[in-house]
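Have a look at the structure below before the remarks.
The values are calculated or read from the model by the stated rules, or taken from the named source; none is laboratory data. Everything numeric in this text was worked out from a predicted model, so none of it was measured. Neighbour counts are summed over all protein chains in view; Cβ atoms, including those assigned to glycine, are modelled from backbone coordinates with ideal geometry.
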Amino acid sequence: MSEKVSLKELEGKAWRSVFQDGMWDIFLGLLLVAMAVNAWMSDSGLAENIRTGVYIGLEIVAMGVLWAGKRFITVPRMGRVKFGKGRRSRKLWVTLVVGLSALLGVVVFQITQTMGNSVSFQSAMRTFFPAFWAAGCIVFFSLGAYLLDFSRLYLIGILYALPVPTDHLLHRLFGLDLSSLAFGLPGLTAVVMGLVVMIRFMREYPIPHVPEEEVVDGIGA
């Protein structure tokens, strides 16, 4: 019984270590930064096909950063861990839920950029969209944080929830269109948070040193 408990504790520790490297924080922050760049391009009057191409490119860069960080920073320090069926299923479901919610947010964001000149659409967005966006982010990211045992995801959910209501209030109260800053500042906050966690992770878990094979009388020991 004690052996089973110990194995369960070890698996839990290994599971939590998946998020100790800060890579997911950086990745999710870069997605917000991509939205900020897209908003800036929209305000600059760039053609929609150019905006779409740049936006997709930035998302690919974010995914590349996540992959490279895991490959070259995390794996050399922690190795590869194969989790039990229960944790793999939980991870799959949460990944699907968070991924679909993020995709939905991107789609809705694109719709707001495309249909922003419609009077009826603007009226509906002013009434419902900021609350919908904030509530959706809080619910989905909180669900992911709970199921993945990834506490920083609660904070990232708040960072995701802030841009649209903030942009809405600035525009309504002061007539300011600061969409790029409303998305960019929370995104950069998440990136910086991830970098701090990553640096701490690299200091706490240096790459194990493999000593050269000892040689005794010219023969490998």
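Every listed requirement among (1) exposed (fewer than 15 other Cβ atoms within 10 Å of the Cβ); (2) modelled with pLDDT of 90 or more; (3) out of contact with any helix residue (DSSP H, G or I) (no Cβ under 7 Å at 6 or more places or on another chain) is met by SER151 save one, (3). Scan the range 170-189 for residues that are surrounded by fewer than 16 Cβ atoms within 10 Å (Cβ to Cβ), touching a residue at least 24 places away in the same chain (Cβ under 8 Å) and assigned to a helix (DSSP H, G or I) and the total you get is 1. Restricting the search to helices (runs of 4 or more DSSP H) fully inside the range 10-79 and requiring at least 1 residues that are modelled with pLDDT of 90 or more gives 23-44, 48-69.
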